[in-house]
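Pasting a structure here, questions to come.
The values are calculated or read from the model by the stated rules, or taken from the named source; none is laboratory data. Keep in mind it's a predicted model, so treat the numbers as computed, not measured. Cβ placement follows ideal geometry from the backbone for every residue including glycine, while neighbour counts extend to all protein chains displayed. All accessible areas refer to the heavy atoms of the entire protein, side chains included, with ligands and DNA or RNA removed. Shrake-Rupley method; radii C 1.70, N 1.55, O 1.52, S 1.80 Å.
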Amino acid sequence: MSASATASSSTPLAFAIARASAPAIAAQLKAIQPDAEASTLVRQLGFEQCITVTDLIHQIPPNYREALGVEIRKIYDLAEKRENAKSGRNKLEAHKNAGTAPSHLRLSVPILQACKEYRDGSSGLADTQSAISTSIKAAESALVLSAFNVKNDEVTYLDGQLSPAVLFENLKSVVVKRWPEVKEKSKIPTLTYVDAAGNPTDDSSQGADIRVTTWGVNKAVVEEFHQLLTDLLPIATRVLDMAENKAHAMHAKIEKKKDVAKAADDAMPVDKDPAKAGPSTQALVDKAVAGKVKNLQAQIKKVS
């Protein structure tokens, strides 16, 4: 399971509980005091506080959490694939502009064979070899262009799958499918007090009986349903942000490693003998050998 799908260990338990209860609190407040703006603000702040996908799923009302959790993780996985496709597209575009090719798309130029006399006495072999190299280079460039176009189409396709309209419809279908079950189990009674003669009374202290006149759906559950439909797109947007932020952080980390490696190469003195290991390489080799020897010595002592 990816790190995004695990709970944040640095989040205090009390804060996690407060975040998880925010949707239920918002629904109850709206049912009692219909302030839509304040209720939405409570929920939206809860979404923005989420660090991982699991944090975000815990913000969903319990009645819908399991069902929506599966779809939300699918969205995150698809968003990660889109970020990977974007990265691949950018690399191919750089190769395309530079006239180079990544290692898996490079084409080797076959070398034609001929006797020494022909090579020395005629330009036919050299001219043919040059024409072959030119053709291979053109084919390689065409291959890079085709790979770039395919990767660009992949990004466009994933953009469509992660568009607001598609995301909302996919999540809405899960909520709407779950709603009849939630509604059925969330009914509450309307009670009436009756006296000994069976007449309705407002005085419950005189031994009046309690009877159920009707059953209705809990208003808080109804409001919860409507609020969740409103929150579906902000939830999906937060999922996309998580995937994008992770990709940016990874890219920055890779670039930093490249800068460190380049700085180390620039600082390393150039040895006149290219076959001789430099000081830094030799130090690494010595350290590795010393570690192996130490382990072997420990094993020998155990045997003896």
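Please go through the residue pairs LYS96/LYS253; LYS256/LYS287; LYS137/LYS258; LYS81/LYS246; LYS86/LYS253 and name each one whose alpha carbons sit more than 22 Å apart in this structure.
From the list (LYS96/LYS253; LYS256/LYS287; LYS137/LYS258; LYS81/LYS246; LYS86/LYS253), the Cα-Cα distance tops 22 Å for LYS96/LYS253; LYS256/LYS287; LYS137/LYS258.
Could you list which residues have their amide H under 5 Å from that of ILE188, counting only those 5 or more apart in sequence or on another chain, with H placed in the peptide plane?
When sequence neighbours closer than 5 places are left aside, the close amide H contacts are GLY216, VAL217, ASN218.
³J(HN,Hα) across segment 185-191 via Karplus (A = 6.51, B = -1.76, C = 1.60, θ = phi - 60°), whole Hz, x for Gly/Pro?
8, 10, 7, 10, x, 9, 9
Using only the heavy atoms of the protein chains and a 1.4 Å probe, how would TYR193, TYR157 rank by accessible area, largest first?
TYR157, TYR193
State the Cα centre-to-centre distance between segment 73-147 and segment 179-256 in whole Å.
Between the Cα centre of segment 73-147 and that of segment 179-256, the gap is 59 Å.
So, one more: Does anything in segment 97-115 have its amide N under 12 Å from the 7 Å Cα→Cβ label point of LEU125, and if so which residues?
111-115
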